[in-house]
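Contents: one structure, followed by commentary.
No value in this document is a laboratory result; all are computed from the given coordinates. What you see is a predicted model; the values in this text were computed from it and never measured. All Cβ positions, glycine included, derive from the backbone under ideal geometry; neighbour counts span all protein chains shown.
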Amino acid sequence: MFGRFGWAEILVIVVLVVILFGSNKIPGMMKNLADGLNIFKKEIKKTAPKQEAKPQKKSVAKKAPVKKQQKKK
């Protein structure tokens, strides 16, 4: 139903946005949107867990083989 937009649909949307908001407000809205996205990216980088350069090896204790006892008959 809502497939890909063609050039005609995009042109209609752009004309409607210009009519609704006016050509003077659109650059300010885009600047505010870009500032918000930049702040969002900075916060994501701050809160993301840092990757270690070298992964730490887990020390695994090796178990000695268990000797089976022979049953006496």
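Observations
- The L16 and N38 beta-carbon pair, evaluated with R₀ = 22 Å, returns a calculated FRET efficiency of approximately 0.20.
- Angstrom value of the Kirkwood radius, inverse mean 1/r, which spans all Cα pairs in the stretch 1-52: 14.1 Å
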